[in-house]
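Below is one structure, written out as structure tokens; comments come after it.
The values are calculated or read from the model by the stated rules, or taken from the named source; none is laboratory data. This structure is a prediction, so every number in the text was calculated from the model and none was measured. Using ideal geometry, Cβ is built from the backbone for each residue, glycine included, and neighbour counts are taken over all protein chains shown. Areas reflect the complete protein model, heavy atoms only, side chains present, ligands, DNA and RNA absent. Shrake-Rupley method; radii C 1.70, N 1.55, O 1.52, S 1.80 Å.
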Amino acid sequence: MRPEYILKLLETGERVDGRKLDQFRDIKIETGVIKRAEGSARVKIGKTDVIVGIKTEIGEPFSDMPDMGILKTGAEFTPIASPEFESGPPREDATELARIVDRGVRESECIDLEKLCIKEGEKAWEIFVDVHMINHDGNLIDASALAAVAALKTTKIPKLEKDKIVREKLEKKLPLSHTPITVTVGKVFDKFIIDPLKEEEEVLDSKISIAVMEDGKICAMQKSGEASLSPEDVNEMIDLAVKKSKEIRKLL
Amino acid sequence: MTETRDIVIPGEVLGDMKERKSGYGTFSEDGKIISKFLGIPKDSSGYLSVVPLSGVYVPRRQDKVIGFITSVEKVGWVVDINSPWTSFLSLSEGVDEFVDLKRTDIRRFYDVGDVIYAQVSEVRGSDVQLTMKTPIARKLRGGITVKITPSKVPRLIGKEGSMINTIKEKTKTIIRVGQNGIVWISGEKINKAIKAVKLIEEKSHIIGLTEEITKLLSD
Amino acid sequence: MGMKTKEKLIVKGKRLDGRKPDEIREIEMKVGVIPNADGSAQVRFGNTIAMAGVYGPRELFPKHRQEADKAIIQCRYNMAPFSVDERKRPGPSRRAIEISKVTRLALEPALFLKDYPEMVVDVYIEILQADGSTRVTGINAASLALADAGVPMKDLVVALSGGKVDDTLVIDLCGKEDNYGKADIPIVFLPRKKEITLLQMDGQLTVQEVKNIIKNVLKAGETVYKKQKEVLKKKYSK
């Protein structure tokens, strides 16, 4: 489908797949897909397909937060997911996506990191959130953030026997306090779009990814794209993101 | 349950060299004719062949294709024909009149982004030449293009054009189908035409597709 | 291979997961799972899950790598960080690089690469969950993905591991058997003429044991081939 056609439709508020501008595609969430990981989820938004796996290790707490667990987020734009993804070191998009997902989880204080301390200053649980792309058809950020939270919700911490991790014995649920939902809002012409397809993403002027907490507070934002945004635009996009986040939250 | 045609897999033995010859999509080994593809077997005129159900477009002489001009060279244009093989339209094959290169910018004939309906004139190794010197060839203005699996083009066209003509009539569109899997649509109910094309792509192997298309178009 | 345990891996003819020595784990196969790829498949053997995506034949860059008379095939085997017990740092390990190479050599003989001069066929294998025999699971997925992509093939490609655990010869090693067993032999072959395209071994075995394992795997592989055939034909008969 050529970009002029997509732009022509968007100008009149129509989309290639007949959706409304602020409508999400069908969303499917499946948890526990990787049984041997401590937590996992697979999220499909339309044809976009991502898997998040959660692994736990013992690590050393950060020196400026000696009584807190450690959160590390990674993302692989695996070449399997799209013809333009090639093998090699992480592209800037992959790194940015990982950091956006990380920020949503971290800033919302989703995980009770204080409860993950084992020995202050020396040992704490390290939670690894790894995003693995399976198919890229746009809006990887929202799909990855949703999969991360869905995976964390079902994560269990393994038993510690004399400082050794016994993964066969998954004991307690990962202590969670909040569920951030990330919604990316795109702008093209004077229209705001939710959940862009891959071909729609290519014509967006700019977009903002916004992480919303269950009480409506915002905990993370990231603008990307080349065009600038007016304050009125930003306000409208924030309001739209908060509204859509409520819908998505119901699916968890 | 929907009926389907027979399907064969790569490596499946189709017949004997003593009784048939090896046609497209097959190879012979130890006296047997074997399929190269996941596809539909055909037996005609003494040849066993297999029509692959998927795969990239392999250009062949006299194929009619729809291509996109991707660059303008000194004496011609590079054309993307939805294939790992890039093709070239030379000045002499693209333009009828005499062109004085010193004074003419050949972009006035075809420029980057133009869509053309052309014919494959020559394939040598990975070198593919196109020509516009055939009655059907023309620049396609406006409209939109959709990609389908090249092996499904015959199904989209239908017996003697029956399928494609039905779609054109019911959606009041002009449609040109390239054997390379590119379909160009222009006219009224473009979205409906796109839906019909995509349905054929999805269900090309199912008997009873014609009824489904008729239903889609009359809604 | 090489890890030690006091635990017996086979008790009264039953393996750790209850299987008989010549039993393959539960197999699940799907094709067309990655819409963007030209061909794709997901294969599960017990708890080992692999996905394969094929892109191509397509143009190859840089140009100096092109071969005038045929396409080349490139393979990348990769394990997801969450696929193993201890989280694996992303990026290719030496083991993954070696497996990528033997995978390429296992698939190449099955393909009609001469039909696509100067092109490349890219095969990407992702291991989503690892519980032994990941390279053969990946190759089974790659075989399906190649057929799904319409790459011309002489035959499908069948992969299966055999080995020795305690004193018994077994088929299809799971993770613990791979780690604590006496030997592990992954084998890949083209089923029509039983042409072996990958053969590796870890451990210690007598000559007769090796020959028996190869024979057993080639026979048990028929089950895997049957499943591959079924899933490919099923894709087009809904």
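Quick rundown of the values:
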quantity	calculated
Members of the range A:216-242 found to be in contact (Cβ under 8 Å) with a residue 60 or more places away in the chain and not hydrophobic (A, V, I, L, M, F, W, C), listed by number	A:GLN222, A:SER224
Residue within the range B:171-186 that is touching a helix residue (DSSP H, G or I) at 6+ places or on another chain (Cβ under 9 Å), open to solvent by less than 60 Å² (accessible area, probe 1.4 Å) and assigned to a helix (DSSP H, G or I) present	yes
Residue selected from the range C:10-64 under the condition within 7 Å of another protein chain (Cβ to nearest Cβ) and hydrophobic (A, V, I, L, M, F, W, C), by the criterion nearest to the chain's Cα centre (by Cα)	C:MET51
So B:VAL112, is it surrounded by fewer than 16 Cβ atoms within 10 Å (Cβ to Cβ), within 14 Å of another protein chain (Cβ to nearest Cβ), under 30 Å from A:PRO83 (Cα atoms) and among the hydrophobic types (A, V, I, L, M, F, W, C)	yes
The range A:77-129, residues that are open to solvent by 80 Å² or more (accessible area, probe 1.4 Å), outside any loop (DSSP other than H, G, I, E, B) and farther than 22 Å from A:ILE141 by Cβ	A:GLU114, A:LYS115, A:LYS119
Selected residue (criterion: farthest from the other protein chains (Cβ to nearest Cβ)) from residues of the range C:119-139 that are among the polar types (S, T, N, Q) and in contact with a helix residue (DSSP H, G or I) (Cβ under 9 Å, 6 or more places away or on another chain)	C:SER133
1 or more residues aromatic (Phe, Trp, Tyr), closer than 28 Å to C:TYR236 by Cα and at pLDDT 95 or above: qualifying strands (runs of 3 or more DSSP E) within the range C:95-180	C:119-129
Subset tally (residues that are open to solvent by 40 Å² or more (accessible area, probe 1.4 Å) and of a type in the set (A, V, I, L, M, F, W, C)) for the range A:209-222	2
Within the range B:72-126, tally of residues that are within 16 Å of the chain's Cα centre (by Cα) and of a type in the set (A, V, I, L, M)	7
Those residues of the range B:7-25 which are of a type in the set (Asp, Glu) and more than 14 Å from chain C (Cβ to nearest Cβ), in sequence order	B:ASP16, B:GLU19
In the range C:198-225, the residues that are among the hydrophobic types (A, V, I, L, M, F, W, C), in a loop (DSSP other than H, G, I, E, B) and open to solvent by 70 Å² or more (accessible area, probe 1.4 Å)	C:MET201
Residue within the range A:223-236 that is exposed (fewer than 15 other Cβ atoms within 10 Å of the Cβ), closer than 30 Å to A:THR78 by Cα and acidic (Asp, Glu) present	yes
Filter result (without any contact (Cβ under 8 Å) to a residue 60 or more places away in the chain, out of contact with any Asp or Glu (no Cβ under 7 Å at 6 or more places or on another chain), open to solvent by 30 Å² or more (accessible area, probe 1.4 Å) and outside any loop (DSSP other than H, G, I, E, B)) within the range B:120-153	B:ARG124, B:ASP127, B:ARG138
Any hit, the range A:175-196, residues being closer than 24 Å to A:ALA151 by Cβ, open to solvent by 30 Å² or more (accessible area, probe 1.4 Å) and of a type in the set (S, T, N, Q)	yes
Odd one out for C:ALA183, checked against (1) within 14 Å of chain B (Cβ to nearest Cβ); (2) under 30 Å from C:ASP85 (Cα atoms)	(1)
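Conditions tested, residue by residue: (1) surrounded by 23 or more Cβ atoms within 10 Å (Cβ to Cβ); (2) at pLDDT 95 or above; (3) in contact with a helix residue (DSSP H, G or I) (Cβ under 6 Å, 6 or more places away or on another chain).
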{"site": "C:GLY56", "(1), (2), (3)": "yes, no, no"}
{"site": "C:LYS63", "(1), (2), (3)": "no, no, no"}
{"site": "C:GLU67", "(1), (2), (3)": "no, no, no"}
{"site": "C:CYS75", "(1), (2), (3)": "yes, yes, yes"}
{"site": "C:SER83", "(1), (2), (3)": "yes, yes, no"}
{"site": "C:GLU86", "(1), (2), (3)": "no, no, no"}
{"site": "C:SER93", "(1), (2), (3)": "no, no, no"}
